[in-house]
Amino acid sequence: MRYHPLTDADRADMLAAIGAASVDELFVAVPADKRLAGLLDLPTTKSELEVERLMGRMAARNTAAGDVPFFVGAGAYRHHVPATVDHLIQRSEFLTSYTPYQPEIAQGTLQVLFEFQTQVARLTGMEVANASMYDGSTGCAEAVLMAHRLTRRRKAVLSGSLHPQYRAVVETLGRMADDDIVALPADPTATEDVLAAIDGETSCVVVQSPSFYGHLIDLRPIAEKAHAVGALLVAVFTEVVALAAIEPPGAQGADIVVGEGQSLGNPLGFGGPYVGLFATREKFVRQMPGRLCGETLDADGRRGFVLTLSTREQHIRRDKATSNICTNSGLCCLAFSIHATLLGEAGLTRMAALNHAGAADLADRLAAVPGVTVLNDTFFNEFTVRLPGDAAAIVERLAERGVLAGVPVSRLEPGRPELADLLVVAVTETVSEEDRAAFVAALAEILP
Amino acid sequence: MMNTQGRPTQPDAATGAAPLETFTGNRGLQIEEPLIFEVGRPETTGVDLPAAPAHASRLGGHARTAPIGLPGLSEPEAMRHYVRLSRQNYAIDLGLYPLGSCTMKHNPRLNEKMARLPGFADVHPLQPLSTVEGAVALMQELSHWLLEMTGMAAVALSPKAGAHGELCGMMAIKAAIAARGENRSIVLVPESAHGTNPATAALIGYKVVPVPARADGTVDPEAVKARLSPDVAAIMLTNPNTCGLFERDVVAIAEAVHAAGAFFYGDGANFNAIVGKVKPGDLGVDAMHINLHKTFSTPHGGGGPGAGPVVLSAALAPFAPLPFIRLEAGRPVLVETEAGTEAGERPFGRLTAFHGQMGMYVRALAYMLAHGADGLRQASEDAVLSANYVKARLADLFHAPYGDQPCMHEVLFDDASLEGTGITTLDFAKAMIDEGYHPMTMYFPLVVHGAMLIEPTESESKASLDLFIATLRDLAMAAKAGDTERFRQAPRLAPRRRLDETRAARSPKLSWTEPAPIAAAAE
């Protein structure tokens, strides 16, 4: 097998050095009656060409986003990633290294993490960010747990602006940990009264802006109300590019900011791996989950970086740790950070403007289609439309016409008739004017 | 004083450190690289984009007013920045990486190529299911391989890493116990376990009761029985364990646990030693996560991403979280919501948005297909053979606390052989760096003093193993001969000398801030 350097002669020599007659003698501790006599009931080894054929066939049964007019978002976004990013993350020294536990020979990864943490802190308007979570949704659940630790309360209020799957992740952990999770109903029109749900027992209120439905939400009054009763504001985002265009949650009083970083550097990839961004205020850092990279000096007085404050973490603190997280999203952080560095402030701002202008244009075009209503007064690159019929069925018919039109809310909120005609539509810089025109034309064609 | 590249420009009064010998601070091919915040400029970009067409803003009153503070680099500058940084990292592609319990084996580039096929990389998790049949088929194929290898009934693919998989398994156990109308509060965890085990159990409200190991490094079924009660929900047992040993009484432990109405969570971190040799399902395991980034070689990437699918016994299968795949007349159907479930399916909830680490599924399946049943068994056997070879060749110079039995894929030494030398496990590890090796796992597991856990993996040639062994022997003899400077000063030849971790933790500097102007700093 091409991945195995040992030859049979090597194996025989090694067994002789060990003093074993066969490799099976090394498995003596495995109960004899449980050992497998033959091979697993699976195919045998394949050449590279054979693997490529098999997998290529599976890949060919999927519609790649780049091949069609594409408007699907709702937590994952198709942006253009420069070729440099994918080249650099495949450098052996980044791709095939472990978590930087030996900092003297891991300064590359560590400096990238330090730069990443700084980029995330600045984008979110917060003081410190960690070295990543698995993704936005798991980061959101960790943010709630962190708020519980900080406030010594166990009731979280989830706004109806929150992505339904993020809500489900928080609810699942809350149920298992016997915490109280109060989830407000889905809020496609941004008219909920979240303030009324915050009381003296509330540990945190979790609000997403831009919301799952695309609305931009003023976090200030929510932060004020939360702080007045000793609760924290957890601000969530799923589209990090929005933070270049809108006032960051840190400037609006958020205590923990958590979100999805996939948009920069990382492909859609059918949902993962992604990269959770997690930022907070300096005074809360010792209750933060996940790895942190910090600056220090080496024995020669040179600047260097190490993983730090690890007494929060599971490998030191075990059952008293702030989280059980170990492996996180190192390589996805790297992709995020390289893309952000290539863009810089000027590029990211321009990219955000392109997203917003494209979305505004499509919203206007869709609003002009008879029977279609745009629900949003405000949005960044994603908004919700009410269609004259079942949105999932319309999306299927549009897919047959070669347009992937967005996410029907019923995909995530089934069995809710009042949401069945809603479609969440995203527009990024990868969507051309022809794509937008094709969408509107196809929609007009199939609507009665 | 530091210059902008973090180098001293004059001898430092506090540390006594001398300035470096070259003007630039570079040493030949080893080139120093400042932070992007020191060399980048907000107006510079390495991405050419058209200006946005004029359009009325729909941001309402929410437009950003303050700058972000993000420096940019042109494309050639960015390329150099990251290539230079990359060269400060050790990597499996550079050399033997014997981190016990972490499984640093070869990462085939075929897997990277497959993951980048547009049909996998450029598909959205929420585009119509009719347009992603190949993706769901791939998830089903991966599930089939995992279930055959483990002999289990069902698999939850979505956990994002090993610790997330532990959470998944323990939640399934909690749900199954609740479904019986019971409430149990204790989880047994051997002292040698990874820290993630107790952390996971505590995360969902369990009280952790440790189980000590017996003298041979394995868990005694009698010690487990003594701690079992109607209040025990589960045992979390790593097998092979973190001492590199197969738990020889695993079947008796499983039977005792089941007899007490509790569940057996198997930590599959070390599954790579036994693939094709024994099925965890045959040993009585109820739930086990599989680190695709260890056993199936998806790249570690400097700390992730990983993937931690969890295989489940028939007793736990109904509680598998959303999403899961149901076979309908042989056709895989992705069930994403509670509303999509059928009788007998009682998902405990959802662990993550979307469907899990698809990019890792593609890589892991490519690895499995390439190996096949024969190659997978060979990989386990070679990993175990290599670890035992290292153990045998070092037996006279290092002390293996459980050395009178074969090890599995990793060999554990303690620091008894360094006693009296004044050299610690840490010093020894740092001296390995100067010899061009990444150190072994140090000070883990916690059950032996000054632990050195070595996992060579199946990816090393015999010549590579022999040089590694010779190097460790040379270091051990130098230690015994009293050459303490070689150890205490190490590493001398790495991009950095030892880093001051105490300083980093005492006043944490976790992000870059503009240095104070010189005049102000002098006051």
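So here's what we get for this one:
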quantity	calculated
Residue check for B:A54: within 30 Å of A:A360 (Cα to Cα), out of contact with any Gly (no Cβ under 8 Å at 6 or more places or on another chain) and more than 7 Å from chain A (Cβ to nearest Cβ)	yes
Where A:T322 falls short, out of the listed (1) under 15 Å from B:G303 (Cα atoms); (2) part of a loop (DSSP other than H, G, I, E, B)	(1)
Any pair with Cβ under 7 angstrom, 6 or more apart, that starts in region B:53-70 at a residue that is touching a residue at least 12 places away in the same chain (Cβ under 8 Å) and ends at one that is among the polar types (S, T, N, Q)	B:L70/A:Q119
Any chance B:A463 is within 11 Å of another protein chain (Cβ to nearest Cβ), assigned to a helix (DSSP H, G or I), without any contact (Cβ under 8 Å) to a residue 60 or more places away in the chain and closer than 30 Å to A:L123 by Cα	no
Region A:284-314 - residue that is outside any loop (DSSP other than H, G, I, E, B) and out of contact with any Lys or Arg (no Cβ under 7 Å at 6 or more places or on another chain) and, of those, farthest from the other protein chains (Cβ to nearest Cβ)	A:F284
Which listed residue is touching a residue at least 60 places away in the same chain (Cβ under 8 Å), surrounded by fewer than 24 Cβ atoms within 10 Å (Cβ to Cβ) and within 8 Å of chain A (Cβ to nearest Cβ), from B:G359, B:G340, B:G349	B:G349
Scope region A:224-243; condition in a loop (DSSP other than H, G, I, E, B) and crowded, with 24+ Cβ neighbours inside 10 Å; matching residues	A:A231, A:T238, A:E239
Qualifying residue in region A:381-390 (condition: assigned to a helix (DSSP H, G or I), not aromatic (F, W, Y) and not assigned by TED's automatic domain parsing to the domain that holds A:S161)	no
Some residue of region A:133-143 being of a type outside the set (D, E, K, R) and modelled with pLDDT under 95	no
Region A:32-46: number of residues that are assigned to a helix (DSSP H, G or I) and either among the basic types (K, R) or over 26 Å from B:R248 (Cβ atoms) (or both)	1
Within region B:487-496, tally of residues that are surrounded by 18 or more Cβ atoms within 10 Å (Cβ to Cβ) and either more than 25 Å from the chain's Cα centre (by Cα) or more than 8 Å from chain A (Cβ to nearest Cβ) (or both)	2
Residue that is in the same structural domain as B:V285 (by TED's automatic domain parsing) and not charged (D, E, K, R), where the choices are B:L167, B:L94	B:L167
Test for B:A179: is it within 12 Å of another protein chain (Cβ to nearest Cβ) and either in contact (Cβ under 8 Å) with a residue 24 or more places away in the chain or out of contact with any strand residue (DSSP E or B) (no Cβ under 6 Å at 6 or more places or on another chain) (or both)	no
Sole residue being surrounded by fewer than 24 Cβ atoms within 10 Å (Cβ to Cβ), among the hydrophobic types (A, V, I, L, M, F, W, C) and at pLDDT 95 or above, chosen from A:A340, A:A335, A:A360	A:A360
Test for B:L472: is it closer than 19 Å to A:Q102 by Cα, within 14 Å of another protein chain (Cβ to nearest Cβ) and not charged (D, E, K, R)	no
Residue that is farthest from the other protein chains (Cβ to nearest Cβ), among those in region B:151-170 that are buried (at least 24 other Cβ atoms within 10 Å of the Cβ) and in contact with a Lys or Arg (Cβ under 9 Å, 6 or more places away or on another chain)	B:M152
B:E112 being without any contact (Cβ under 8 Å) to a residue 40 or more places away in the chain and of a type outside the set (F, W, Y)	no
Residues (surrounded by 16 or more Cβ atoms within 10 Å (Cβ to Cβ) and among the β-branched types (V, I, T)) located in region A:1-45	A:I18, A:V23, A:V30, A:T45
Considering residues of region B:382-435 that are aromatic (F, W, Y) and part of a loop (DSSP other than H, G, I, E, B) only, the residue surrounded by the most Cβ atoms within 10 Å (Cβ to Cβ)	B:F398
Single residue of B:E33, B:E21 found to be in a loop (DSSP other than H, G, I, E, B), farther than 23 Å from A:H80 by Cα and modelled with pLDDT of 95 or more	B:E33
Members of region A:246-274 that are more than 8 Å from every other protein chain (Cβ to nearest Cβ) and aliphatic (A, V, I, L, M)	A:A254, A:I256, A:V257, A:V258, A:L264
Any hit, region B:284-305, residues being hydrophobic (A, V, I, L, M, F, W, C), at the interface with chain A (Cβ under 9 Å from one of its Cβ atoms) and either within 21 Å of B:M170 (Cβ to Cβ) or out of contact with any Ser or Thr (no Cβ under 8 Å at 6 or more places or on another chain) (or both)	no
Residue list for region A:397-418, restricted to those being part of a strand (DSSP E or B) and under 21 Å from the mean Cα position of the chain (by Cα)	A:V407, A:P408
Single condition B:P76 does not satisfy, out of (1) farther than 21 Å from B:I325 by Cα; (2) within 7 Å of chain A (Cβ to nearest Cβ); (3) in a helix (DSSP H, G or I)	(2)
Region B:393-408, residues that are in contact with a helix residue (DSSP H, G or I) (Cβ under 7 Å, 6 or more places away or on another chain) and at the interface with chain A (Cβ under 10 Å from one of its Cβ atoms)	B:R393, B:P406, B:C407, B:M408
Residue match in region A:186-193 (condition: at positive phi and in a loop (DSSP other than H, G, I, E, B))	yes
Residues (touching a helix residue (DSSP H, G or I) at 6+ places or on another chain (Cβ under 7 Å) and either without any contact (Cβ under 8 Å) to a residue 60 or more places away in the chain or among the β-branched types (V, I, T) (or both)) located in region B:362-381	B:V362, B:L369, B:H371
Residue that is surrounded by the fewest Cβ atoms within 10 Å (Cβ to Cβ), among those in region B:230-257 that are more than 18 Å from A:V30 (Cβ to Cβ) and in contact with a strand residue (DSSP E or B) (Cβ under 7 Å, 6 or more places away or on another chain)	B:D231
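The values are calculated or read from the model by the stated rules, or taken from the named source; none is laboratory data. Worth saying up front: this structure is predicted, and the values here are computed from it rather than measured. FYI the Cβ positions are ideal-geometry reconstructions off the backbone, even for glycines, and counts take in every protein chain you see.
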